[in-house]
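Okay, structure first, notes after.
The values are calculated or read from the model by the stated rules, or taken from the named source; none is laboratory data. Worth saying up front: this structure is predicted, and the values here are computed from it rather than measured. Here the Cβ is made from the backbone with ideal geometry for all residues, glycine too, and neighbour counts use every protein chain on show. For accessibility, only protein heavy atoms count, side chains too; no ligands or nucleic acids. Shrake-Rupley method; radii C 1.70, N 1.55, O 1.52, S 1.80 Å.
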Amino acid sequence: MKAIYIEHYGNIDAVQLGIQPMPMLEADDVLVLVSAASVNPLDLKLLSGDLKMISAVKFPFILGSDLAGTVVKIGAEVTQFKLGDEVYAKTDQSGAFAEYSVVKQSNLARKPKNISMQQAASLPLVSLTAWQALFEVAQLRANQKVLIHAGSGGVGSIAIQMAKACGAFVATTTSQNNMGWVKALGADWVIDYQQSQFDALIQDYDVVFDTQGGETLEKSFKVLKKGGIIVSIAGPPDANVVRNLPVNWLLKQLIPLMSYSVRRKAKRHAIRYAFLMMQPNGQQLKDISQWVESFKIKAVIDKVYRFEQIKAALSYVAIGHVQGKVVIEINSKAE
């Protein structure tokens with residue numbers, strides 16, 4: 001099968017499009033003929049080796065983290081899906097940038113009926129990240145106030161919609177060029193980060209969803225009320241991360257130390273800090289499908305590239321100014 005893969009860590013020049021063996025199925029696996037996959041900053045981190053301490057890969061390694069397609073084969077213990085089902089998923093590790101991909105049935109869900117394969121492929125990683133950050137970790141509720149950083153990004157654009165759907169008041173940051181369409185997603189208060197300091201404007205919020213880390217994370221402590229929480233996908237990892245990682249004893253001790261100063265600062269401010277490493281979850285995707293079909297949330301796609309344009313797609317994502325998601329079309333005949 002055709003696939004996009006790397007044989008060593010490196011930059012975008014290390015990415016190859018070529019032939020790789022068909023994936024093997026285990027008893028609880030589903031083989032998906034991939035129609036489309038989305039390109040994420042995660043793919044660039046896996047490519048560069050930035051995550052090798054916590055997520056080492058075996059080469060050759062097929063990139064790609066979420067997909068939409070059609071079931072063409074099922075394992076002996078698969079009961080939830082049948083041949084011909086249109087599905088989408090966050091892959092178990094990677095492997096979405098290929099004509100065929102294998103996904104555990106527990107991580108798979110049927111594609112929302114009212115959207116295309118391309119739109120469906122744009123959703124799994126970002127929607128699961130937003131869902132788990134807002135509802136699992138932060139326990140966001142109606143009438144609470146949440147600040148979502150980078151509202152025009154892939155995660156931010158979905159998080160805004162989810163937060164509004166649950167009845168929260170949503171503030172977000174973005175650039176001047178994106179303020180109008182971010183407002184159209186449902187944000188109640190849109191702050192131009194190039195013109196204003198969000199920490200000088202916002203106070204007494206219940207939740208901050210940090211997608212930026214660094215200085216943005218540091219300033220976010222100022223905007224929360226006592227007992228509030230920062231959920232970050234870009235800051236230093238905490239002890240919750242190692243519970244889901246197959247790492248040795250030493251790394252389990254060292255990784256939480258990376259967030260020591262942040263957690264100490266959170267304690268001084270009488271708030272909580274939590275790092276989220278999103279986990280694939282088919283049941284949550286099933287719930288998200290219902291939200292999509294009831295028009296509570298919609299897919300936001302910036303650009304669509306052909307399979308052979310993967311380097312251009314990765315380069316565009318690397319610039320860091322994507323409005324929503326970037327998608328690559330893999331099997332157009334499968335849609």
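Using Cα-only point scatterers and the Debye equation, what is log10 of I(q)/I(0) for the chain at each q in 0.07, 0.09, 0.15 Å⁻¹, rounded to two decimals? The computed values of log10 I(q)/I(0) come out as -0.28, -0.46, -1.29. Bridge orientation summary for the chain: considering DSSP beta bridges with both residues in this region, about 55 percent are antiparallel. Summarising the strand pairing of the stretch 138-275, around 0 percent of its internal DSSP beta bridges are antiparallel.
Across the stretch 254-260, computed HN-Hα scalar couplings (Karplus, 6.51 cos²θ - 1.76 cosθ + 1.60, θ = phi - 60°) run 7, 4, x, 5, 4, 9, 4 Hz from first to last residue, x flagging Gly and Pro.
Share of the stretch 138-275's accessible area from carbon and sulfur, percent, 1.4 Å?
The computed percentage sits at 49.
Straight Cα distances below 20 angstrom link K252 to the lysines K52, with same-chain residues fewer than 8 positions distant left out. Residue by residue, the stretch 73-86 carries 3J(HN,Hα) couplings of 7, 10, x, 5, 9, 7, 10, 8, 9, 9, 4, x, 5, 8 Hz when phi is fed to the Karplus relation 6.51 cos²θ - 1.76 cosθ + 1.60 (θ = phi - 60°); x denotes Gly or Pro.
Full extension of the chain between L257 and L25 yields a length gain of 79.7 nm, computed as 0.36 nm times the residue separation minus the alpha carbon distance. Taken along the Cα-to-beta-carbon direction at a fixed 7 Å, the label points for E215 and Q309 span 3.4 nm. Remark: the stretch 123-188 projects, on average over all directions, an area of 3.8 nm² (convex hull of Cα atoms). With a ≥ b ≥ c the root eigenvalues of the C-alpha gyration tensor of the stretch 138-275, is it rounded (a/c under 1.5), prolate (a/b larger than b/c) or oblate? Prolate is the answer for the stretch 138-275, as a/c is 1.5 or above and a/b outweighs b/c.
Count Lys and Arg as plus one, Asp and Glu as minus one, and take only other residues whose Cβ is under 10 Å from that of K2; the net charge is then -2.
For V57, no residue has an amide H sitting under 5 Å from its own, ignoring neighbours fewer than 5 places away on the same chain, with H placed 1.01 Å from N.
For the stretch 1-80, which trypsin sites (Lys or Arg not before Pro) are in a loop by DSSP, counting at most 15 other Cβ atoms within 10 Å?
Here the sparse-neighbourhood loop sites are K52, K58.
Computed from backbone phi with θ = phi - 60° and the Karplus coefficients 6.51, -1.76 and 1.60, the 3J(HN,Hα) list for the stretch 275-286 is 9, 10, 10, 4, 10, x, 7, x, 5, 5, 5, 4 Hz; x is used for glycine and proline. Using a Förster distance of 41 angstrom, determine the FRET efficiency expected from the C-beta separation of L250 and Q290, and round it to 0.05. E(calc), rounded to 0.05, equals 0.45. If R0 is 25 Å, the Cβ-Cβ spacing of Q197 and H321 corresponds to a FRET efficiency of close to 0.75. Surface composition of the stretch 1-106: carbon plus sulfur atoms hold 55% of the accessible area, using a 1.4 angstrom probe and ignoring ligands, DNA and RNA. Near the amide H of A89, within less than 5 Å, lie the amide hydrogens of L67, all on another chain or at least 5 residues away, with H placed in the peptide plane. For the set L257, L44, L123, solvent exposure ranked by accessible area (probe 1.4 Å, protein chains only) runs largest to smallest as L257, L44, L123. Amide H contacts for S35 (H built 1.01 Å from N in the peptide plane; partners 5 or more residues away or on another chain; cut-off under 5 Å): A68, G69, T70, N331.
Cross-link reach is defined here as a Cα-Cα straight distance under 20 Å, omitting same-chain residues fewer than 8 places apart; for K183 the lysines meeting it are K145, K164, K296, K298, K325.
Calculated accessible area for the chain comes out at 45 Å² per residue, all protein chains present (probe 1.4 Å; ligands, DNA, RNA ignored).
Segment Q93..A14, full-extension length gain: 26.5 nm, with 0.36 nm per residue of separation and the alpha-carbon distance subtracted. A helix-only calculation puts the chain at -7000 deg cm²/dmol for mean residue ellipticity at 222 nm, using -39500 (n - 2.57) for each DSSP H run of at least four residues, averaged over all residues.
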